[in-house]
There are 2 protein chains.
Amino acid sequence: MDDEKTVRLNEIIDHGSIEDFHQFYDSVEPIDFAQLIADFDEETIDKVTTLMADDDLASLLEEADDGLRIRIAYTLNNERLLIAFGYMQKDDIVDMLGDFEVGRRKEVINLMRSGDRKIITDLLKYPEESAGGIMTTAYVSLKANLTVSQSLDVIREIGPRTEVIETLYVVNDAKRLIGSVDLKILLSSPRTTMIGSIMEPHVICVEPETDQEEVAKLVSRYDLNAIPVVSKKRVILGIITVDDVIDVIVQEYDEDLLQMGGVSREESLDTTLHESVRMRLPWLLINLATAFLASFTVKLFESTIAKVVALSAIMTIVSGMGGNAGTQTVSILVRRLAQGDIAWEDCRKPFLKELALGFVDGAVCGAVTGVIVWPVYKNFYLGLIVFLAMIGNLLVSSLFGFLVPVIIKKLHWDPAIASTIFLTTATDVLGFFIFLGLASLFMPFLV
Amino acid sequence: MDDEKTVRLNEIIDHGSIEDFHQFYDSVEPIDFAQLIADFDEETIDKVTTLMADDDLASLLEEADDGLRIRIAYTLNNERLLIAFGYMQKDDIVDMLGDFEVGRRKEVINLMRSGDRKIITDLLKYPEESAGGIMTTAYVSLKANLTVSQSLDVIREIGPRTEVIETLYVVNDAKRLIGSVDLKILLSSPRTTMIGSIMEPHVICVEPETDQEEVAKLVSRYDLNAIPVVSKKRVILGIITVDDVIDVIVQEYDEDLLQMGGVSREESLDTTLHESVRMRLPWLLINLATAFLASFTVKLFESTIAKVVALSAIMTIVSGMGGNAGTQTVSILVRRLAQGDIAWEDCRKPFLKELALGFVDGAVCGAVTGVIVWPVYKNFYLGLIVFLAMIGNLLVSSLFGFLVPVIIKKLHWDPAIASTIFLTTATDVLGFFIFLGLASLFMPFLV
């Protein structure tokens, strides 16, 4: 179906009229249109923007991803760009300007009307991943001494230019946030009622420096459709809407998922070979260092292995299982720590449980392995050693799988990135050490 | 701060009046209150619910998690429960009843008024993770031939009992969905305008059988604040609001993250030891089976290792690095596939890139390893073999890391669960095979 649309769009670009184009654009959602043109070359994109109405161009710029947005902007002169900005939300304009090269950004900002210029320059000061960086300045605020009827006039006037009107913010004369009103309550209240008397005085809000992850947690916890951003003096600076919060949630989760797998969050299937090497190789080299640690542990026991070669085949089972069990523990902890820190005193019970779990799982896996190893290598003691080593290494995996993420979090670092490295180092090195060490002790029974 | 609140709450429960309690409840958000009482025993929870006003009890039940909700319900008799239900959204009631034991569920449903009973029984039929299972029946629908003024009367009347009014749905006489109106447009239109003339005819909607993950994708892609659920004949059955969609997104991501680590999505830090063993042990036993496969591969080369014991220390580096590099590829693929399937023809370019990446990363890591192994074991050929084996195994890791998730997705299974198992089986078995195989071939140069 998308292919049909691409064919039709190409026809219109080559032979169609502005009306044909307009009709086509109206028949699809802006984000789907953005996807259709994402693979076009610069020349074709230039033709597309020439055919587009200004407000359609604005909606396209709002929905396109960062890369496409820059490519589209590249085909526009500054005048056209400013016209499109006139239809766009300030947070989207700031997002876009943030990706511009410095020269063009300054050029465009200087051409803005002074009011807009001030707002945009102020917004550009906030870090991209802070509340200030994702807020919009288009919201409805009402003074507490307005009546319901007067408020509705304000909403009629400003509403169409804002994103969310379901929650209205109430301010005092100094523009400080003093409450919020649900539009449903407002609509069903008598027309002469004062806003101050129907407002909810307790409003959950954030400061512009608040991390976007914290913002997402609040919105999701309290089921908000927007959250106001206020200064230290509670002057309202902007609001963050729930659709932007969803983007934040998706982005933060993607980070955790990719980082646990040892990949940068910037990487995708389309990343170039050169970039991928640059992003993935350092992680592999760190892992290589830990692999050498494990390898040298084995080297320590070369004389033991020389006497019983079978050990070399069996030792990989013990170390591997430690890594698997430890990854389970790390996954649970990383997920839990993403919701917030754990106090040391709350760690005791789950930590002891993980250790018990390591013992039970180790005993079961060790017994299964031992029962297979015993007849295969025709040696009871080899089976017994595997059984004991497996319990030992799964205890190690519980210990490190639990403590490593907790400690990394206490150090204000990201548990998703580094936990697995430390974990597998521990389970490999200690896994080999426990198994081969036991084998050295039991050597008289093995040869 | 939370500790202070707990102390104060306990005081009120033991010595305070209903007024004190009411004042306390009003001073906190329902979800924070739910967290405060989560650790209380049944007796104290009973005291709390006795002190609570009916509408507060309803808001608490809406915000409490599944476990607490059931514990609270346990302290209530059916009459009180039905009174609380009177203040609650239908989707929350259904959620709650779904967790009841069958006997009590039937009891409560039979006590409902016949209208409510019909709605609830219908909603209970949908799977918990489908659009039907998460939709609410409280929404505003308008007939197309109403005027703006008449519509506002409807909104005033029904609005306060619904969750979202920012988008209003327009239906024809047969209750079929024919469009939607943005409340902002409605408010700023002349009072005699017909709804039909300001509605947007194209509405994105889903059927009750649609999977919740699909629902979340649509809401997030098109920045909706609600999405209507319609029957095959486009009769509107309910709506899904954005706050429920956020819950779905969080839940689905948690699933992927935990499953990639080999943990069930139901598990958390508080899961009992017995339950944790039941959920984690099967995964470990599957891994144990693949560990045996790798171990038997090593066993095949016992005579080779007996000649050059150093091989046993070095082989673990090659197999381990394959696993690490493959996990990177799998992470990228799992993330990409969560957004939707990839067509085979779109696979070619990224697949070739992954292979090239495996070659480059393999060559670099192999060279580093070789350069260290050569002087440590005083044998150039041993270094050369490691170099070649590393390239080979990182090619294997690219091959399997890419194809395994894609194939699992084509089979309509979840790539997050099983990909790593197949991947590490391949990188372990083939990693050992390639390295020890090369060593056998080069044996004259090694001894």
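So in region B:254-290, with the set limited to residues that are surrounded by fewer than 21 Cβ atoms within 10 Å (Cβ to Cβ) and among the hydroxyl-bearing types (Ser, Thr, Tyr), which one is farthest from A:PHE359 (Cα to Cα)?
Ranking the candidates gives B:THR290 first.
Which condition from (1) modelled with pLDDT under 90; (2) out of contact with any strand residue (DSSP E or B) (no Cβ under 8 Å at 6 or more places or on another chain) is the one that B:VAL164 breaks?
(2)
Hey, does region A:183-192 have a residue that's part of a strand (DSSP E or B) and open to solvent by 50 Å² or more (accessible area, probe 1.4 Å)? Please lay out each step first, then the result.
Applying the first criterion (part of a strand (DSSP E or B)) to region A:183-192 yields none.
Checking region A:183-192: not a single residue is part of a strand (DSSP E or B) and open to solvent by 50 Å² or more (accessible area, probe 1.4 Å).
Exactly one of these conditions fails for B:VAL245: (1) within 9 Å of chain A (Cβ to nearest Cβ); (2) surrounded by 18 or more Cβ atoms within 10 Å (Cβ to Cβ); (3) touching a Pro at 6+ places or on another chain (Cβ under 9 Å). Give me its number.
For B:VAL245, the failing item is (3).
What about A:GLY238, is it more than 14 Å from every other protein chain (Cβ to nearest Cβ), open to solvent by less than 50 Å² (accessible area, probe 1.4 Å) and not in a loop (DSSP other than H, G, I, E, B)?
Numbers: more than 14 Å from every other protein chain (Cβ to nearest Cβ): yes; open to solvent by less than 50 Å² (accessible area, probe 1.4 Å): yes; not in a loop (DSSP other than H, G, I, E, B): yes.
So A:GLY238 fits the description; yes.
Against the conditions (1) closer than 27 Å to A:ILE417 by Cβ; (2) open to solvent by 10 Å² or more (accessible area, probe 1.4 Å); (3) within 7 Å of chain A (Cβ to nearest Cβ), where does B:ILE332 fall short? Just the number, please.
(2) is the only condition that B:ILE332 fails.
Of everything in region A:143-182 that's of a type in the set (S, T, N, Q) and part of a helix (DSSP H, G or I), which residue is nearest to the other protein chains (Cβ to nearest Cβ)? Quick ask: steps written out before the conclusion?
Here is the first cut: in region A:143-182, the residues of a type in the set (S, T, N, Q) are A:145, A:147, A:149-151, A:162, A:167, A:172, A:180.
Remaining after also requiring part of a helix (DSSP H, G or I): A:149-151.
Numbers: A:SER149: 13, A:GLN150: 14, A:SER151: 11 Å.
The residue in question is A:SER151.
Among (1) within 7 Å of another protein chain (Cβ to nearest Cβ); (2) more than 22 Å from A:PHE400 (Cβ to Cβ); (3) not aromatic (Phe, Trp, Tyr), there is one condition A:LEU257 misses while meeting the rest; what is its number?
(2)
On the given criteria, is A:PHE24 open to solvent by 10 Å² or more (accessible area, probe 1.4 Å) and part of a helix (DSSP H, G or I)?
yes
Residues in region A:150-172: is at least one polar (S, T, N, Q) and under 22 Å from A:VAL94 (Cα atoms)? Before you say what the answer is, go through the steps one by one.
So in region A:150-172, the residues polar (S, T, N, Q) come out as A:150-151, A:162, A:167, A:172.
If we keep only those that are under 22 Å from A:VAL94 (Cα atoms) too, we end up with A:162.
The answer is yes; a qualifying residue exists.
Given (1) on the phi < 0 side of the Ramachandran plot; (2) open to solvent by 20 Å² or more (accessible area, probe 1.4 Å), where does B:VAL219 come up short, assuming only one miss?
(2)
I'm checking my understanding of the structure. Among residues of region B:306-329 that are within 21 Å of A:SER276 (Cα to Cα), facing another protein chain (nearest Cβ under 8 Å) and of a type outside the set (Val, Ile, Thr), which one is nearest to the chain's Cα centre (by Cα)?
This residue is B:GLN328.
How many residues, within region B:193-213, are without any contact (Cβ under 8 Å) to a residue 24 or more places away in the chain and crowded, with 20+ Cβ neighbours inside 10 Å? Walk me through it before giving the result.
So in region B:193-213, the residues without any contact (Cβ under 8 Å) to a residue 24 or more places away in the chain come out as B:197, B:200-202, B:204.
Narrowing the set further to residues that are crowded, with 20+ Cβ neighbours inside 10 Å leaves none.
Selection size over region B:193-213: 0.
Filter region A:87-131 down to the residues that are among the charged types (D, E, K, R), within 21 Å of the chain's Cα centre (by Cα) and open to solvent by less than 50 Å² (accessible area, probe 1.4 Å) and list them by number. Reasoning before the result, please.
If we filter region A:87-131 for residues that are among the charged types (D, E, K, R), which is where we start, we get A:90-92, A:95, A:99, A:101, A:104-107, A:113, A:116-118, A:122, A:125, A:128-129.
The next check asks that each one be within 21 Å of the chain's Cα centre (by Cα); those that pass are A:91-92, A:95, A:99, A:128-129.
Hits for region A:87-131 are A:ASP91, A:ASP92.
Out of the residues in region A:291-319 that are without any contact (Cβ under 8 Å) to a residue 40 or more places away in the chain and not hydroxyl-bearing (Ser, Thr, Tyr), which is least open to solvent (accessible area, probe 1.4 Å)?
We begin by selecting, within region A:291-319, every residue without any contact (Cβ under 8 Å) to a residue 40 or more places away in the chain; these are A:292, A:295-296, A:299, A:302-303, A:306, A:309, A:312-313, A:316.
From the residues that got through so far, the ones that are not hydroxyl-bearing (Ser, Thr, Tyr) too are A:292, A:296, A:299, A:302, A:306, A:309, A:313.
Working: A:PHE292: 22, A:PHE296: 83, A:LYS299: 63, A:GLU302: 45, A:ALA306: 56, A:VAL309: 24, A:ALA313: 0 Å².
Ranking the qualifying residues of region A:291-319, first place goes to A:ALA313.
Here are some residues: A:PHE433, A:PHE400, A:PHE380. Which one is assigned by TED's automatic domain parsing to the domain that holds A:ALA343, closer than 30 Å to A:GLU266 by Cα and open to solvent by 60 Å² or more (accessible area, probe 1.4 Å)? Before the answer, list the steps.
Working: A:PHE433 fails: closer than 30 Å to A:GLU266 by Cα; A:PHE380 fails: closer than 30 Å to A:GLU266 by Cα.
The conditions single out A:PHE400.
Looking at region A:348-362, which of the residues that are more than 7 Å from every other protein chain (Cβ to nearest Cβ) and open to solvent by less than 10 Å² (accessible area, probe 1.4 Å) is nearest to A:SER220 (Cα to Cα)?
Initially, region A:348-362 is screened for residues more than 7 Å from every other protein chain (Cβ to nearest Cβ), giving A:348-349, A:351-352, A:354-355, A:358-359, A:362.
Keeping just the survivors that are open to solvent by less than 10 Å² (accessible area, probe 1.4 Å) gives A:354, A:358, A:362.
On the way: A:GLU354: 30, A:GLY358: 34, A:GLY362: 39 Å.
Among residues in region A:348-362 that are more than 7 Å from every other protein chain (Cβ to nearest Cβ) and open to solvent by less than 10 Å² (accessible area, probe 1.4 Å), the one nearest to A:SER220 (Cα to Cα) is A:GLU354.
Could you identify the single residue in A:ILE407, A:ILE342 that is more than 9 Å from chain B (Cβ to nearest Cβ), within 30 Å of A:LEU258 (Cβ to Cβ) and at pLDDT below 95? Outline the logic, then answer.
Numbers: A:ILE342 fails: more than 9 Å from chain B (Cβ to nearest Cβ).
So the residue among A:ILE407, A:ILE342 that is more than 9 Å from chain B (Cβ to nearest Cβ), within 30 Å of A:LEU258 (Cβ to Cβ) and at pLDDT below 95 is A:ILE407.
Given the criterion over 30 Å from A:ILE249 (Cα atoms) and touching a Gly at 6+ places or on another chain (Cβ under 7 Å), identify the matching residue among A:VAL396, A:VAL368, A:VAL330, A:VAL376. Quick ask: steps written out before the conclusion?
Details: A:VAL368 fails: touching a Gly at 6+ places or on another chain (Cβ under 7 Å); A:VAL330 fails: over 30 Å from A:ILE249 (Cα atoms); A:VAL376 fails: touching a Gly at 6+ places or on another chain (Cβ under 7 Å).
The unique qualifying residue is A:VAL396.
The values are calculated or read from the model by the stated rules, or taken from the named source; none is laboratory data. Note that the coordinates shown come from a computational prediction; the quantities given were computed from them, not determined experimentally. Here Cβ is always computed from backbone atoms with ideal geometry, including for glycine, and neighbour counts include all displayed protein chains. Keep in mind that these areas ignore ligands, DNA and RNA; they rest on the heavy atoms of the full protein, side chains included. Shrake-Rupley method; radii C 1.70, N 1.55, O 1.52, S 1.80 Å.
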